[in-house]
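**Student:** One structure follows; several queries about it will come next.
Laboratory data are not the source of any read-out in this text; all were calculated from the coordinates shown. On a predicted model such as this, the values are computed, not experimentally measured, just so you know. Heads up, the Cβs are rebuilt from the backbone with ideal geometry, glycines too, and the neighbour counts pull from every protein chain shown.
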Amino acid sequence: MEPRFDLLGNDLGARIAKRIYAVALTITDSALPQATENLVMLRASQINGCGFCVDYHTKDAASVGEAAVRLNLVAAWRESTVFTDAERAALALAEEGTRIADGAGGVSDETWERVRAHYDDDQIVALVSLVAMINANNRLNVIVRNPGGSYEPGQFADMA
């Protein structure tokens, strides 16, 4: 499978990617736990069918010590015992925030209350922004058909 278009090979695309990456770094610098960030990005990418992002976030999470069992169970987190209540709240928000068009209500009040119970205001800003940004990244990669499989952890570090 070959990509339809090389976004990073285009000057405008590279400038946009650099700004998206800057937002990602801002989220990473927040108090939101890195493990939660990785799980949320992986789950949204699974829902959106973004092979590139599933590859990216699985490998990045593994490279910082995330357990394989947790990575393997993200898609079935509701039926798994390896996630904390806070991570479950974040995963629910990621799913509902990703599937906005699938449910008339968007993010449910129940999910929002669980998020509020586990995260402070800055972490919530980071979490909501993370869900929005990973969905944007998924769409960019799915539209241009960036395939998964070739990502190496740290590959984009020079974009900072």
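**Student:** Taking a ≥ b ≥ c as the square roots of the eigenvalues of the Cα gyration tensor of the stretch 33-152, is the shape rounded (a/c under 1.5), prolate (a/b larger than b/c) or oblate? Each step should come with its number before you reach the end.
**Tutor:** Details: a/c = 1.73, a/b = 1.25, b/c = 1.39.
It is oblate, given that a/c is not under 1.5 and a/b is not larger than b/c.
**Student:** Around Met159, with a cut-off of 12 angstrom between Cβ atoms, what is the net charge of the other residues, counting Lys and Arg +1 and Asp and Glu -1?
**Tutor:** +2
**Student:** How much length is gained on full extension from Phe156 to Asp6, taking 0.36 nm per residue of separation minus their Cα-Cα distance?
**Tutor:** Residue separation times 0.36 nm, minus the Cα-Cα distance, leaves 52.5 nm.
**Student:** What is the angle, in °, between the Cα long axis of helix 51-63 and the longest principal axis of the Cα atoms in the chain? Nearest 10 is fine, range 0 to 90.
**Tutor:** Orientation of helix 51-63: about 70 degrees from the principal axis.
**Student:** What value, in deg cm²/dmol to 500, does the helix sum -39500 (n - 2.57) over DSSP H runs of n ≥ 4 give at 222 nm once divided by the residues of the chain? List each step's numbers first, then the result.
**Tutor:** Working: 7 runs with 99 residues, N = 160.
Estimated from H runs of four or more residues: -20000 deg cm²/dmol.
**Student:** Residue farthest toward the positive end of the dipole of the stretch 1-136, with Cβ of Lys/Arg at +1 and Asp/Glu at -1: which of His57, Ile27, Val69?
**Tutor:** His57
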